[in-house]
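The values are calculated or read from the model by the stated rules, or taken from the named source; none is laboratory data. Computed from a prediction, not measured in an experiment: that's the story for all the values here. Please note: Cβ atoms are built from the backbone with ideal geometry, for glycine as well, and neighbour counts cover all protein chains shown. All accessible areas refer to the heavy atoms of the entire protein, side chains included, with ligands and DNA or RNA removed. Shrake-Rupley method; radii C 1.70, N 1.55, O 1.52, S 1.80 Å.
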Amino acid sequence: MKRLSGKTIVLGVSGGIAAFKAASLCSRLVSWGASVRVVMTEGATRFITPLTLQTLSRHSVATDVFDERDPSVVQHIDWADAADLVVVAPATANIIGKMANGIADDMLSTLLLATTAPVVVAPAMNVHMWEHPAVIENVVKLGSRGVRFVEPGTGQLACGYVGKGRLAEPDEIAEAIAAWLTGPKLLAGRKVMITAGGTVERIDPVRYITNDSSGKMGFALAETARDLGAEVTLICARTDEKPPGGVELVQVESAADMYESVMNRLGTVDVIVKAAAVADYRPSVQYQSKIKKKEQTLSLELVRNPDILQAIGEWKTAYPGERVPFVIGFAAETGDLETFAMDKLQRKKCDLVVANDVSREGAGFASDTNIVSIYGPEGLVENIALSAKSIVAERIWRLAVERMNGA
Ligand code: CTP
C-alpha cells in the first residue's frame with residue numbers, strides 16, 4: 001500500500017515562475033498513490049501547459065470555472081468536496097490575497113472558498129513581496145483560520161534577488177502533505193506547557209505594573225502545537241488577544257501566580273515554552289485599599305520576583321530522574337542578541353533560546369510578525385527573517401522536535 005493510496009488531493013497552481021515545479025510535486029503525489037486533480041489559474045498556464053499536468057496527473061486539468069464538461073456535477077464543488085486536502089503550490093501573493101479576503105473570481109479561488117478540506121499553501125514570490133505588510137497580514141489571517149504554510153526557502157530568486165521567497169522544494173511540500181494526511185502528527189502524544197502574555201504586579205486594587213507583551217507569540221506557539229497534535233496547557237497572564245481554542249487555559253495574574261502554576265506541573269509535561277514577559281520586580285507592598293494622594297512624591301519599593309525559567313532549570317538538575325522537559329526560553333533584547341541569549345541559555349539551562357531585538361520594526365511585542373534568532377547550546381542555530389508569528393512558531397516547533405527526537 002502506497003503512502004497516499006485512497007487520498008484525493010487538489011493541486012492548485014498559480015501564476016509564478018515556480019509553476020514548473022508543480023510538475024515534480026504532482027508526479028511525486030501520484031507516485032505515492034494519490035489521486036491528483038490539478039486546477040490552474042490563467043497565469044499559471046502562461047508558465048506551464050495544462051497538458052503537462054494532465055499527463056502527470058492522468059486527469060483533465062481545470063482552468064475555467066465556466067468550462068463545465070460533466071452535466072451531472074458542478075465541477076468546482078465536486079472537486080472541493082472530493083478533496084482530502086487542497087495544496088496551492090506555488091501560491092502567489094495574489095492568490096494568498098484572494099484567499100484571505102474571500103474572493104472567488106476564477107476556478108482556483110472559487111474552489112478554495114468551496115472546500116472544507118485542510119488547505120496547505122506553499123508561497124513563492126519576490127522577497128520584498130513576501131515581507132510586504134499586506135502579504136503578512138493575509139498570511140496571519142489565513143494562519144488563524146487553520147491554513148498551513150510550507151515556508152518559502154531562502155536563495156537565488158528568479159527576479160535576480162537573493163532572499164526569502166523561493167518555493168519550498170517539491171519533496172518538502174509532498175512530505176508536509178503526507179504528514180498532514182497520514183500522521184502521526186509531529187507533536188502527537190506530547191504534553192506542552194506554554195506561558196504567554198505579560199504579568200501584572202499589583203500596587204493597589206486599581207493600579208498595577210505590567211509590560212507591553214501582547215501574548216501573540218505565545219498564542220501562535222500554542223495554536224501550532226495544538227495543530228501538530230500536542231496536548232497544550234497555556235498559562236496566560238495579561239494579553240490583548242483572544243487565546244486559541246482547543247487548549248487548556250490557565251489564567252494567572254502575577255509572576256508569583258505563574259511561578260506556582262508552572263512549578264506545579266513540572267514532571268507532567270514534555271516541553272515548556274516560556275514566551276511570557278515576566279516582571280522581574282513587584283511592589284514590596286500590595287495595598288488592600290486604593291492609595292490616596294498626599295505628598296508631592298511617592299516612592300514605590302520593588303522587590304525581585306522569582307525567575308521561573310531559572311527555577312525550571314534548577315528543578316531539572318535537582319530531579320534528574322523525573323520526566324525532564326525540553327525547555328525553550330525567550331530573550332527580548334535591545335541589542336547584543338547573541339551574548340544575552342547565550343548567557344540566558346546557560347544560566348537558565350534551556351535547550352533553545354528564541355531571541356529577538358524588540359527595537360527592530362516588525363519584531364517585538366504587539367506585532368503580528370517577528371524577526372528571531374534561535375540559539376542552542378552550541379550557539380546560533382537559525383536566523384528567521386521577518387515572518388508572521390505563525391510561521392516563526394511552526395519553525396520553532398520543527399527545530400524543537402528534531403532536537404527532541406535526536407536526543
Ligand atoms: N523569565 C522568567 N521569570 C522571570 C523573568 C524571566 O521565567 N522572573 C523568563 C522569560 O519568560 C523568558 C526568559 O526568562 O523566557 C528571559 O526573559 P528576559 O526578561 O529577557 O530575561 P531576564 O532573565 O529577566 O534578564 P534581563 O532582565 O537581564 O534581560
> For Asn370, which of the numbered conditions (1) more than 13 Å from the ligand (Cβ to nearest atom); (2) at pLDDT below 95; (3) open to solvent by 20 Å² or more (accessible area, probe 1.4 Å); (4) not small (Gly, Ala, Ser) fails to hold?
Replying inline: (3)
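Of Leu157, Leu186, which residue is more than 16 Å from the ligand (Cβ to nearest atom), open to solvent by 10 Å² or more (accessible area, probe 1.4 Å), touching a Phe, Trp or Tyr at 6+ places or on another chain (Cβ under 7 Å) and of a type in the set (A, V, I, L, M)? Before you say what the answer is, go through the steps one by one.
Working: Leu157 fails: touching a Phe, Trp or Tyr at 6+ places or on another chain (Cβ under 7 Å).
The conditions single out Leu186.
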> Could we say that Arg282 is among the charged types (D, E, K, R), more than 8 Å from the ligand (Cβ to nearest atom) and assigned to a loop (DSSP other than H, G, I, E, B) here?
Replying inline: no
>> Can you tell me which condition Met1 does not meet? The list is (1) in the same structural domain as Ala93 (by TED's automatic domain parsing); (2) open to solvent by 10 Å² or more (accessible area, probe 1.4 Å), and all the others hold.
In response: (1)
> Just checking, how many residues over region 141-199 are on the phi > 0 side of the Ramachandran plot and assigned to a loop (DSSP other than H, G, I, E, B)?
Replying inline: 5
> Would you call Glu172 surrounded by fewer than 18 Cβ atoms within 10 Å (Cβ to Cβ), more than 14 Å from the ligand (Cβ to nearest atom), touching a residue at least 12 places away in the same chain (Cβ under 8 Å) and not assigned by TED's automatic domain parsing to the domain that holds Phe326?
Replying inline: yes
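From the residues in region 336-359 that are assigned to a strand (DSSP E or B) and within 11 Å of the ligand (Cβ to nearest atom), which one is farthest from Asp270 (Cα to Cα)? Outline the logic, then answer.
Looking only at region 336-359, we keep the residues that are assigned to a strand (DSSP E or B), and these are 352-357.
Now restrict to residues that are within 11 Å of the ligand (Cβ to nearest atom): 352-356.
On the way: Leu352: 14, Val353: 17, Val354: 18, Ala355: 22, Asn356: 25 Å.
For region 336-359, the residue satisfying everything is Asn356.
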> What number of residues within region 350-396 are more than 25 Å from Asn211 (Cβ to Cβ) and of a type in the set (A, V, I, L, M, F, W, C)?
Replying inline: 3
> If the Cβ limit is 7 Å and pairs must be 6+ apart or interchain, which residue in region 98-116 that is within 13 Å of Val13 (Cβ to Cβ) pairs with which residue that is of a type in the set (Asp, Glu) and in a loop (DSSP other than H, G, I, E, B)?
Replying inline: Asp106/Glu42; Met107/Asp64
